[in-house]
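Here the structure is laid out as structure tokens; the discussion comes afterwards.
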Amino acid sequence: MKKIAFLRDSDIISLHFFTLVKGEKWGILLKTLKIPEATIIRLSVYSRYLTEVDRKGIITISSGDIAEGVGVSPAQVRKDLAYFGEFGTRGVGYNVKDLRRHILKILGLSVDWSVSLVGLGNLGLALSSYKGFRERGFVITSVFDSDPQKVGTFVHGVEVMPVERLEEVVRQNRTQIGIICVPSAASQEIADKLVRAGVQAILNFAPGVLNVPPEIELRNVDLAVNLEVLTFNVGAQRF
């Protein structure tokens, strides 16, 4: 069983659409090579596809096979992988297990990451139930809510604790990532608590803008904005 690791200088972690780059070694590498964020996101997609392929017992795979499976071009696959070295054999392809292992290492997913979830409304409950997090190495180790009726209950084996204990518990667990699923009016206060407790990354689902120190990796996910982008793109096709 993998141990829950603490954020180290050489780690990169990716929460599917949420990519964090930490540490001097990888920070310099990414800055020097100017690796696009889209490449890191595609690596996450590649690794999930390779997991499916590996489960089917397939030993080797070509860039064309990967491209067809995830909906990009073979040239794009080769370019993305080339940022991090040579993984395949010309004329043979890639060993599925080896390539998957290399990508997971690049993404920092060869270890587990401790995650705190704040806010157990409909979205928070859905996220806490998402099996894909644990499968990808993200372990929700603490859950917090301000509703007295929810405090003391358990969500998938994790006790729901009052928000007042957030800093204490997060600091004790040395949690690296905080997920905010509270109303926008409370989101800044929660972010401040998470920062004081020592998290190094925040995934924010609350509408609005959060102010955090520059060393904190912050990703805002506004579902309404994403829907508006979709409607714009659909509408643009009509003109």
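The values are calculated or read from the model by the stated rules, or taken from the named source; none is laboratory data. Here the structure is a predicted model, which is why all the values come from computation and not from measurement. Positions of Cβ are backbone-derived with ideal geometry, glycine not excepted, and every protein chain shown enters the neighbour counts.
Within the set Leu7, Leu30, the sole residue that is part of a loop (DSSP other than H, G, I, E, B), of a type outside the set (D, E, K, R) and at pLDDT below 95 turns out to be Leu7.
Mind checking which residues of segment 202-215 are more than 14 Å from Val182 (Cβ to Cβ) and at pLDDT 95 or above? Within segment 202-215, Asn211, Val212, Pro213 qualify.
Among all positions in segment 207-217, there is at least one residue which is in the same structural domain as Ile140 (by TED's automatic domain parsing), surrounded by fewer than 14 Cβ atoms within 10 Å (Cβ to Cβ) and of a type in the set (Gly, Ala, Ser). Scanning segment 136-148 for residues that are surrounded by fewer than 22 Cβ atoms within 10 Å (Cβ to Cβ) and either acidic (Asp, Glu) or outside the structural domain of Thr175 (by TED's automatic domain parsing) (or both) yields a single hit, Asp147.
In segment 95-110, the residue that is farthest from Asp192 (Cα to Cα) out of those that are touching a helix residue (DSSP H, G or I) at 6+ places or on another chain (Cβ under 8 Å) and assigned to a loop (DSSP other than H, G, I, E, B) is Ser110. The residues of segment 111-129 that are among the hydroxyl-bearing types (Ser, Thr, Tyr) and either part of a strand (DSSP E or B) or in contact (Cβ under 8 Å) with a residue 60 or more places away in the chain (or both), listed by number, are Ser114, Ser116. Every condition in (1) more than 19 Å from Glu135 (Cα to Cα); (2) touching a Lys or Arg at 6+ places or on another chain (Cβ under 9 Å) holds for Val53 except the one numbered (1). Looking at segment 224-232, can you tell me whether even one residue there is assigned to a loop (DSSP other than H, G, I, E, B) and modelled with pLDDT under 95? No, segment 224-232 contains no residue that is assigned to a loop (DSSP other than H, G, I, E, B) and modelled with pLDDT under 95.
To keep it simple, each residue is scored yes or no on (1) assigned by TED's automatic domain parsing to the domain that holds Leu194; (2) exposed (fewer than 13 other Cβ atoms within 10 Å of the Cβ); (3) at positive phi; (4) β-branched (Val, Ile, Thr).
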position	(1), (2), (3), (4)
Gly119	yes, no, yes, no
Leu125	yes, no, no, no
Lys131	yes, yes, no, no
Arg134	yes, no, no, no
Lys150	yes, no, no, no
Val155	yes, no, no, yes
Glu164	yes, yes, no, no
Glu167	yes, no, no, no
Gly178	yes, no, no, no
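Applying the criterion of being farther than 16 Å from Ile106 by Cβ and either touching a residue at least 40 places away in the same chain (Cβ under 8 Å) or loosely packed, with under 14 Cβ neighbours inside 10 Å (or both) to the residues of segment 69-95, the residue that is nearest to the chain's Cα centre (by Cα) is Gly71. Hey, any hits in segment 98-109 for a residue that's at pLDDT 90 or above, closer than 21 Å to Ile180 by Cβ and surrounded by fewer than 17 Cβ atoms within 10 Å (Cβ to Cβ)? There is no residue in segment 98-109 that is at pLDDT 90 or above, closer than 21 Å to Ile180 by Cβ and surrounded by fewer than 17 Cβ atoms within 10 Å (Cβ to Cβ).
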